[in-house]
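Visitor: First, the structure itself, so that you have it in front of you.
The values are calculated or read from the model by the stated rules, or taken from the named source; none is laboratory data. Predicted, not measured: the structure shown is a model, and the values here were computed from it. FYI the Cβ positions are ideal-geometry reconstructions off the backbone, even for glycines, and counts take in every protein chain you see.
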Amino acid sequence: MDQTMEKAQNFLGRVDEGPGARNEVDRRVVSLTAPASVGAEQYRTLFYRLERMRALRPMKVVAFTSAMPGEGKTVTTVNLALTAARAAPERRILLIDTDLRRSQVANVLGFKNTPGLSELLQGECQLAEAVRRFRSTRLAIVPAGAAPEEPTQLLASRRMKDFLQAVRDNFDEVYLDLPPSLPFADASILAAQSDGTVMVIRANVTRTRQVQQAIEHLAGAAIVGCVLNGGPLATGGYLKAYK
Ligand SMILES: Nc1ncnc2c1ncn2[C@@H]1O[C@H](COP(=O)(O)OP(=O)(O)OP(=O)(O)O)[C@@H](O)[C@H]1O
Ligand SMILES: [Mg+2]
């Protein structure tokens, strides 16, 4: 594994321009497309909020989930990872798309989706091929890869545990874009292996009961707060501590 990771580190020097990349970034990735905007400032606020939590206890692997699909996990995680890479250039930062069913990280970043986590967990590629640097930023990304037949089984596998250990050994901050927690077991499996889990809640859409059920589903995970997404800008996109 050590030798493989060494290759991964070397590979991070390369800019991703492989075939299959659209090279177009979604305009909602404001941390990249509009870094001076009010929206981008919200992600900086979220990043520094996490920083203050990290000062209280180590939190290397942070997972983002929500009760239901479409609440804004991917947009939040991608913006936050890019913000972290810009705010803390001395740190090694990794974004992993663990949503093997409806992967969107590569899509919103105009990045090539394969090979990614799915291929890695099925033994079809090496770690060095799955970990790639995003353009000329400091951010490393493992995209989801092609949708597998049994995503839950892959995410619960020994290989996934070993992969998370390898990234813990080689990166300072790791951000996981999870699937929604109510429909599948995937999110609860991964949240339990993370140091902190953040619930993304779509303002005026997600029902209180759904959030409560999602938190119950995540039993065993350290839920550190929530992001209220899509609210009015004065209140939207902030991280509210539960405890
Ligand atoms: N703060 C926001 N402002 C504007 N549009 C947003 C915002 N957050 C999310 N969206 C849009 O809402 C839709 C769902 O967002 P996103 O893909 O991030 O959700 P998700 O929780 O990751 O969904 P899924 O469960 O399918 O993975 C997308 O079209 C996205 O661009
Ligand atoms: Mg998503």
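Visitor: Give the residue that is surrounded by the fewest Cβ atoms within 10 Å (Cβ to Cβ), with candidates limited to residues of the stretch 107-116 that are touching a residue at least 40 places away in the same chain (Cβ under 8 Å) and in contact with an Asp or Glu (Cβ under 7 Å, 6 or more places away or on another chain).
Guide: Gly110
Visitor: Any idea which residue in the stretch 91-113 is nearest to Ser194 (Cα to Cα), counting only those that are part of a helix (DSSP H, G or I) and more than 10 Å from ligand 1 (Cβ to nearest atom)?
Guide: Taking the candidates together, the pick is Ala106.
Visitor: Which residue out of Arg44, Arg52, Arg27, Arg22 is over 21 Å from Asp169 (Cα atoms), assigned to a loop (DSSP other than H, G, I, E, B) and modelled with pLDDT of 70 or more?
Guide: Result: Arg27 is the single residue among Arg44, Arg52, Arg27, Arg22 that is over 21 Å from Asp169 (Cα atoms), assigned to a loop (DSSP other than H, G, I, E, B) and modelled with pLDDT of 70 or more.
Visitor: Among the candidates Arg158, Arg168, Arg133, Arg209, single out the residue that is touching a helix residue (DSSP H, G or I) at 6+ places or on another chain (Cβ under 9 Å) and more than 17 Å from Lys73 (Cα to Cα).
Guide: Selected residue: Arg133, the only one of Arg158, Arg168, Arg133, Arg209 that is touching a helix residue (DSSP H, G or I) at 6+ places or on another chain (Cβ under 9 Å) and more than 17 Å from Lys73 (Cα to Cα).
Visitor: Which condition from (1) assigned to a helix (DSSP H, G or I); (2) at pLDDT below 95; (3) not small (Gly, Ala, Ser) is the one that Thr74 breaks?
Guide: With respect to (1) assigned to a helix (DSSP H, G or I); (2) at pLDDT below 95; (3) not small (Gly, Ala, Ser), Thr74 is out only on (2).
Visitor: For Val62, state whether it is closer than 25 Å to Ala192 by Cα and within 16 Å of ligand 1 (Cβ to nearest atom).
Guide: yes
Visitor: Could you check, for the stretch 55-69, whether at least one of its residues is part of a loop (DSSP other than H, G, I, E, B), at pLDDT below 95 and over 29 Å from Ile215 (Cβ atoms)?
Guide: Within the stretch 55-69, none of the residues are part of a loop (DSSP other than H, G, I, E, B), at pLDDT below 95 and over 29 Å from Ile215 (Cβ atoms).
Visitor: Give the stretch 48-94 a look and list any residue that's in contact with a Leu (Cβ under 7 Å, 6 or more places away or on another chain), within 12 Å of ligand 2 (Cβ to nearest atom) and not aromatic (Phe, Trp, Tyr), or say none.
Guide: Passing the criteria: Thr65, Met68, Lys73, Thr77, Val78.
Visitor: Report yes if some residue within the stretch 158-171 is free of Cβ contacts under 8 Å to residues at least 60 places away in the same chain, more than 22 Å from Leu82 (Cα to Cα), surrounded by 22 or more Cβ atoms within 10 Å (Cβ to Cβ) and of a type in the set (A, V, I, L, M); otherwise report no.
Guide: no
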